[in-house]
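One structure below.
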Amino acid sequence: MQPLLYDNTLDTLFMVWWSTFYAVLFGVPAGVLLHLTARGAILQNVVVNKVLGAIVNVGRSFPFLILIVVLIPFTRLLVGVSIGPTGAVVPLAIAAIPFFARLVEAALREVDHGLVEAAQAMGGGTWTIVFKVLLPQALPALVAAVTTTVIQLIGYSAIAGAVGGGGLGNLAYTYGYQQYETSLMITTVVELILLVTVVQLLGDLVVRRLARRGTRPSSVVRVGLRRARTEEPAAVTEAA
Amino acid sequence: MTEFPVITTTGLTKVYRSGDRDVTALDGVDLHVREGEVYGVIGQSGAGKSTLIRCLNLLERPTSGTVTVAGQELTSIAGRGKRAGARLRAARSHIGMVFQHFNLLSSRTVQDNVELPLEILKVDRRERSRKALELLDLVGLADKAKAYPAQLSGGQKQRVGIARALAGDPKVLLSDEATSALDPETTRSILTLLRDLNRQLGLTIVLITHEMDVVKTICDSAALMKNGRVVEQGTVAELLATPGSELARELFPVGGEPSADDRTVVDVTFHGSAATRPVISELARTYNVDISILGAAMDTVGGKQIGRMRIELPGRFEENVVPIGFLREQGLQVDVAEVADTADAADLTIPAPAAQLQKEGAK
């Protein structure tokens, strides 16, 4: 039973890792493009914005189970198989890209437009604005978006597992549910809970580190909770 | 300061479409800013001054009209699209701009913020660092290079903003309400810094503000904006010399009520050469009249006194035609104040020849 749990955990991590990788790889450009082509933005382009927005919306409205089925031919074309962890990465990534793109768009929207103007006033072009202003300034929000996406993908991977994708979802379904191995099912669920918790905690930690840049000199890191709390408003006004 | 115009706008107009209504933010603005001067644009919020300054580096594209900065007509190199082409970007990198809310990147240290314009100019790393530290030294923040903006006070942040604006060696600095988010004392120190930079570097500064004090403290010239139009503009001395100038009245406000009914209250405006002579005591001695000063707002600029003074002469206006004529002869501008409406000195000027005649008669 132990090797079974170990192998399937690795499968889940494999699926989540690669689908997150592709979600970020394609979601960041898509989100940036959505942001830049919006009305009043620096590359305002109604057609591109509407078309991209529509694709994202369609991608996001598909129930994941249906998406897997619909994508079977495409998956087979792309990676040669449509089942197993490798086959599951394709629908997982396809589901995560539009999801992540919207989160990126929202994160970029939070960047103060004054900063974009300052960069423009310095003679900065689109490249400068994206890579030196928007993305670095939105980094804490982007990390939070990755965290949310990873957790979403852990959930989706369990569904993918149940339809032949392998991983913890598959384990819980085939052994735990279909073969009445309740203890195995509970173990799997607990492991998923732990996984999600750890990802969230790690994500929060990184976000806090990034968001607090400069609000707390490294020499006073050891100061207790009270001090940290009094510094919170400063960080908030700065973000505003 | 030279006569060479470093910023000129002609017929600058900006119309915003909001829904199906057109809102005119700028309505044919002709601005002339001379090299090396500090030029203040003042007006209430909604007067169009923010749109105006943002049109000077084409952050805002004017609907019509031209903008020329340092001999380059920006409106002709801008192209038609919303995107800034390479030539406009190159021109912008030599026009500094500071903002009300500083607009520093919280993700970068102070030094890296100052280096950003240099990165855009593709200056190499070592030179960037040297220049940024030099600029931080210039604004008095050499010790804060490694700090993040969040660790600085408002005044310090604006100093970083100024250092950043100077990184491209601009001829012109645009200041968009740079002191409006600061307390009075910090405002003063930032204005002093701007004044010093203006003198040391020969930097031309255009600033917009809603605070008359800012104009009074550092501006050589000023423009008053109302409803998208420049209603008055000129050097402070020129404005003072303009009868009925609203800006002059705001810059040098005088108040004070007459002590009795049969008194003549006049507002005397000092500008130019007469202001170096003790005109008031000359008047008192020559005509043997008692003069009380009800209010005065005077400044000494370049050794010359400029400003306004409200004085009271005994007797009604008819009895004081001669002393008033004397003041006019000294090259001063004299407006008889409407007693009932002290804030708005009426422009009751008697024709100079008539005063001359009466003066002859008195002799």
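The values are calculated or read from the model by the stated rules, or taken from the named source; none is laboratory data. What you see is a predicted model, and the numbers here were worked out from it, not measured in a lab. Quick reminder, even Gly has a Cβ in these numbers, built from the backbone with ideal geometry, and neighbours come from all protein chains shown.
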| Any chance the range A:127-142 includes a residue that's of a type outside the set (Ser, Thr, Tyr), under 23 Å from A:VAL89 (Cβ atoms) and more than 10 Å from every other protein chain (Cβ to nearest Cβ)? | yes
| field | Pair list, Cβ under 8 Å, 6 or more apart: the range B:275-299 residue under 17 Å from B:ALA337 (Cα atoms) and assigned by TED's automatic domain parsing to the domain that holds B:ASP335, other residue assigned to a loop (DSSP other than H, G, I, E, B) and of a type in the set (Lys, Arg) | value | none
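Taking the range B:300-322, which residues are modelled with pLDDT of 80 or more and either surrounded by 17 or more Cβ atoms within 10 Å (Cβ to Cβ) or in contact with a Gly (Cβ under 7 Å, 6 or more places away or on another chain) (or both)?
Once the filter is applied, which keeps residues that are modelled with pLDDT of 80 or more and either surrounded by 17 or more Cβ atoms within 10 Å (Cβ to Cβ) or in contact with a Gly (Cβ under 7 Å, 6 or more places away or on another chain) (or both), the range B:300-322 yields B:GLY307, B:ARG308, B:MET309, B:ARG310, B:ILE311, B:GLU312, B:LEU313, B:ASN320, B:VAL321, B:VAL322.
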| Going through the range B:10-60 one residue at a time, which ones are at positive phi and without any contact (Cβ under 8 Å) to a residue 24 or more places away in the chain? | B:GLY19, B:GLY46
| field | Hits in the range B:211-229 (condition: in a helix (DSSP H, G or I) and among the acidic types (Asp, Glu)) | value | B:ASP213
| said: If I ask for residues that are part of a loop (DSSP other than H, G, I, E, B) and either buried (at least 17 other Cβ atoms within 10 Å of the Cβ) or of a type in the set (S, T, N, Q) (or both), which ones from the range B:243-261 would you list? | reply: B:SER245, B:PHE252, B:VAL254, B:GLY256, B:PRO258, B:SER259
| task | Please indicate, with yes or no, whether at least one residue in the range A:143-159 is within 14 Å of chain B (Cβ to nearest Cβ) and assigned to a helix (DSSP H, G or I). | result | yes
| said: Looking at the range B:191-210, can you tell me whether even one residue there is small (Gly, Ala, Ser), in contact with a helix residue (DSSP H, G or I) (Cβ under 8 Å, 6 or more places away or on another chain) and at pLDDT 90 or above? | reply: no
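Matching residues to (1) buried (at least 20 other Cβ atoms within 10 Å of the Cβ); (2) under 30 Å from B:VAL33 (Cα atoms); (3) aliphatic (A, V, I, L, M):
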site: B:GLN111; (1), (2), (3): yes, no, no
site: B:GLU127; (1), (2), (3): no, no, no
site: B:LEU133; (1), (2), (3): no, no, yes
site: B:ALA142; (1), (2), (3): no, no, yes
site: B:GLN151; (1), (2), (3): no, no, no
site: B:ASP176; (1), (2), (3): yes, yes, no
| remark: Of the conditions (1) more than 9 Å from chain A (Cβ to nearest Cβ); (2) closer than 23 Å to B:LYS131 by Cα; (3) aliphatic (A, V, I, L, M), the single one that B:VAL23 does not satisfy is (2)
| query | Within the range A:8-16, can one find any residue that is over 20 Å from A:LEU103 (Cβ atoms), of a type in the set (A, V, I, L, M) and over 21 Å from the mean Cα position of the chain (by Cα)? | reply | no
| Just wondering, is there one or more residues in the range A:110-119 that are modelled with pLDDT of 95 or more and within 15 Å of A:LEU67 (Cα to Cα)? | no
| said: For the range A:69-77, check the following and say yes or no: at least one residue is crowded, with 17+ Cβ neighbours inside 10 Å, of a type outside the set (D, E, K, R) and within 14 Å of chain B (Cβ to nearest Cβ). | reply: no
| Looking at the range B:61-72, which of its residues are surrounded by 14 or more Cβ atoms within 10 Å (Cβ to Cβ) and out of contact with any Leu (no Cβ under 9 Å at 6 or more places or on another chain)? | B:ARG61, B:ALA70, B:GLN72
| remark: Only one of B:LEU12, B:LEU74 is of a type in the set (A, V, I, L, M, F, W, C) and within 14 Å of chain A (Cβ to nearest Cβ), namely B:LEU74
| field | Residues located in the range B:89-130, provided they are more than 7 Å from every other protein chain (Cβ to nearest Cβ), within 30 Å of the chain's Cα centre (by Cα) and farther than 15 Å from A:MET122 by Cα | value | B:GLN100, B:VAL110
| query | Name the residues in the range A:1-48 that are of a type in the set (Val, Ile, Thr) and buried (at least 17 other Cβ atoms within 10 Å of the Cβ), would you? | reply | A:THR9, A:THR12, A:VAL16, A:THR20, A:VAL24, A:VAL28, A:VAL32, A:THR37, A:ILE42
| Which of the residues that make up the range A:164-176 are touching a helix residue (DSSP H, G or I) at 6+ places or on another chain (Cβ under 6 Å) and either in a helix (DSSP H, G or I) or over 13 Å from A:GLY87 (Cα atoms) (or both)? | A:GLY165, A:LEU168, A:GLY169, A:ASN170, A:LEU171, A:ALA172, A:TYR173, A:TYR175, A:GLY176
